[in-house]
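What follows is a short report on a single structure.
Quick note: the coordinates plus some simple rules give every number you see, no bench work behind them. Computed from a predicted structure; not experimentally measured. FYI the Cβ positions are ideal-geometry reconstructions off the backbone, even for glycines, and counts take in every protein chain you see.
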């Protein structure tokens, strides 16, 4: 069962990720993974756009799923690859390892694509952080990065040491 931390209640976004899995594999059965409350959010999302629907049903990131959809997430990761982005300026990418909005595997793919074009990328992983929680967790790294960029100081990046994300936590 996924347990996500930080960034408030993003249960609605987590449940919405199930639509991506279903689009990629029509045989995927969302109800095998969603809790009873998660099923209510999923069904409500089919016909409406209410950002607070998870709150209305008492669904949290801790109880949205009864079973972790890791296999479906891994299957969808290749579709989150980007073309070869080339940036004229250094780029900072902070990845929450508990992110189900922008999966760590997809973010890693983006980092590698940018690095392969010669872009200067500084990438960091933040264990246990979801999409929203990563912002605050990354400040220890992102603030110095931005200060150096605005001061026109050289930023080396860390492309040579970036590794695939470890298993989800």
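Going from the fewest other Cβ atoms within 10 Å to the most, the residues 124, 131 appear in the order 124, 131. Taking Cα atoms only, the orientation of helix 36-47 departs from the longest principal axis of the chain by about 80 degrees. Here is how the number arises for the chain: DSSP H runs of 4 or more residues each give -39500 (n - 2.57), the sum is divided by the residue count, and the result at 222 nm is -12500 deg cm²/dmol. Between the helical axis of 11-24 and the longest alpha-carbon principal axis of the chain there is an angle of about 90 degrees.
Going from the fewest other Cβ atoms within 10 Å to the most, the residues 117, 101, 95 appear in the order 117, 101, 95.
Just so you know, the averaged projected area of the alpha carbon convex hull for the range 81-161 sits at 5.2 nm². Quick check: from the Cα gyration tensor, does the chain come out rounded (a/c under 1.5), prolate or oblate? Here the chain falls in the prolate category. For the chain, the longest principal axis of the alpha carbon atoms and the long axis of helix 133-150 meet at an angle near 20°. From least to most packed, judged by other beta carbons within 10 angstrom and beginning with the fewest, 126, 84 follow the order 84, 126.
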